[in-house]
1. Checking the conditions here, which among A:215, A:162 is small (Gly, Ala, Ser) and modelled with pLDDT under 95?
2. Which condition from (1) surrounded by fewer than 21 Cβ atoms within 10 Å (Cβ to Cβ); (2) closer than 15 Å to residue A:36 by Cα is the one that residue A:118 breaks?
3. Are any residues in the range A:149-178 of a type in the set (Ser, Thr, Tyr) and closer than 15 Å to residue A:137 by Cα, and if so, which ones?
4. Scan the range A:170-186 for residues that are surrounded by fewer than 13 Cβ atoms within 10 Å (Cβ to Cβ), in a helix (DSSP H, G or I) and within 13 Å of another protein chain (Cβ to nearest Cβ) and jot them down.
5. Using the structure shown, decide if residue A:165 is within 15 Å of the chain's Cα centre (by Cα), buried (at least 16 other Cβ atoms within 10 Å of the Cβ) and free of Cβ contacts under 8 Å to residues at least 40 places away in the same chain.
6. Can you tell me how many residues within the range A:130-150 are in contact with a Phe, Trp or Tyr (Cβ under 9 Å, 6 or more places away or on another chain), in a helix (DSSP H, G or I) and surrounded by 22 or more Cβ atoms within 10 Å (Cβ to Cβ)?
7. Enumerate the pairs (first residue in the range A:4-18 and within 11 Å of another protein chain (Cβ to nearest Cβ) and touching a residue at least 24 places away in the same chain (Cβ under 8 Å); second residue anywhere and of a type in the set (D, E, K, R) and crowded, with 18+ Cβ neighbours inside 10 Å) with beta-carbon separation below 8 Å, excluding pairs fewer than 6 apart on the same chain, so at least 6 apart or on different chains.
8. Regarding residue A:195, is this residue under 21 Å from residue A:29 (Cβ atoms) and more than 13 Å from chain B (Cβ to nearest Cβ)?
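The values are calculated or read from the model by the stated rules, or taken from the named source; none is laboratory data. What you see is a predicted model, and the numbers here were worked out from it, not measured in a lab. Here the Cβ positions follow ideal geometry from the backbone for every residue, glycine too, while neighbour counts run over all protein chains shown.
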Amino acid sequence: MNIFRFAGDMTHLVSVLLLLLKIYATKSCSGISLKTQELYALVFLTRYLDLFTDFISIYNTVMKVIFITSSLAIVWCMRAHPTVRRSYDRDQDTFRHHFLVLLSFIMALFFPDLFTTREVLWAFSIYLEAVAILPQLVLLQRCRNVDNLTTHYIFFLGSYRALYVLNWIYRYFTEKHAGRWISWISGLVQTVLYLDFFYYYFISWKSSEKLRLPA
Amino acid sequence: SGEALPHDEL
């Protein structure tokens, strides 16, 4: 474990807590893409299959349980909670995320680290996570006024993988651990997809105005 | 990579 990866995990945890806070505090999921939440639930379910088979550390197990349960709880909330579900922007959240699942799965079949069930599903989860934010970014562009908690949630969610890229660089130079090119490429693609958002997030912070993505 | 590297990251 190094500082970059720990900071990345904490940033990821904060993003989840911010989303839970937003939904709990405002009893609303306006501005949140259910499709992105469903994609993330799928990412965690296919990535943490080893939750019960490979014990790495208490920390690793606890974090996996947190990410799986929180993502499923948020999807349930947005679909079934009587109050929250009414605020879901159903007609704005129209990204065809099934294509992202199909594309990632095909990519995983052709480019896994090893052609085993476990590795193919792991690669699938990595490829899918790289594009999982797309429905949320599209929704953000359509919903003009999005509350601050939502923009902070997206900022932290985007920052965590950028910190993981620093972690891979650090591990490359210190542990001679070349890492996995699947993680490197997907992590970079994932971070690049946020650059546009990061720019407008920084602008809105400097001008202390609400974040507005161009139409 | 022949061996399956450990998945020690989240």
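1. Working: A:162 fails: modelled with pLDDT under 95.
The unique qualifying residue is A:215.
2. (2)
3. Of the range A:149-178, the ones of a type in the set (Ser, Thr, Tyr) are A:150-151, A:153, A:159-160, A:164, A:170, A:172, A:174.
A:150, A:151, A:153, A:159, listed by residue number.
4. Start the filter on the range A:170-186 by keeping residues that are surrounded by fewer than 13 Cβ atoms within 10 Å (Cβ to Cβ), which leaves A:173-176, A:178, A:181.
Subset that is in a helix (DSSP H, G or I): A:173-174, A:181.
Once the filter is applied, which keeps residues that are surrounded by fewer than 13 Cβ atoms within 10 Å (Cβ to Cβ), in a helix (DSSP H, G or I) and within 13 Å of another protein chain (Cβ to nearest Cβ), the range A:170-186 yields only A:181.
5. Details: within 15 Å of the chain's Cα centre (by Cα): yes; buried (at least 16 other Cβ atoms within 10 Å of the Cβ): yes; free of Cβ contacts under 8 Å to residues at least 40 places away in the same chain: yes.
Spelling it out, residue A:165 is indeed within 15 Å of the chain's Cα centre (by Cα), buried (at least 16 other Cβ atoms within 10 Å of the Cβ) and free of Cβ contacts under 8 Å to residues at least 40 places away in the same chain.
6. Filtering the range A:130-150 down to residues in contact with a Phe, Trp or Tyr (Cβ under 9 Å, 6 or more places away or on another chain) leaves A:132-140.
If we keep only those that are in a helix (DSSP H, G or I) as well, we get A:134-140.
Now drop any that are not surrounded by 22 or more Cβ atoms within 10 Å (Cβ to Cβ), which leaves A:135-136, A:139-140.
Residues flagged as in contact with a Phe, Trp or Tyr (Cβ under 9 Å, 6 or more places away or on another chain), in a helix (DSSP H, G or I) and surrounded by 22 or more Cβ atoms within 10 Å (Cβ to Cβ) within the range A:130-150 amount to 4.
7. Qualifying pairs under 8 Å: A:5/B:9; A:8/A:161.
8. Judged against the criteria, residue A:195 is not a match.
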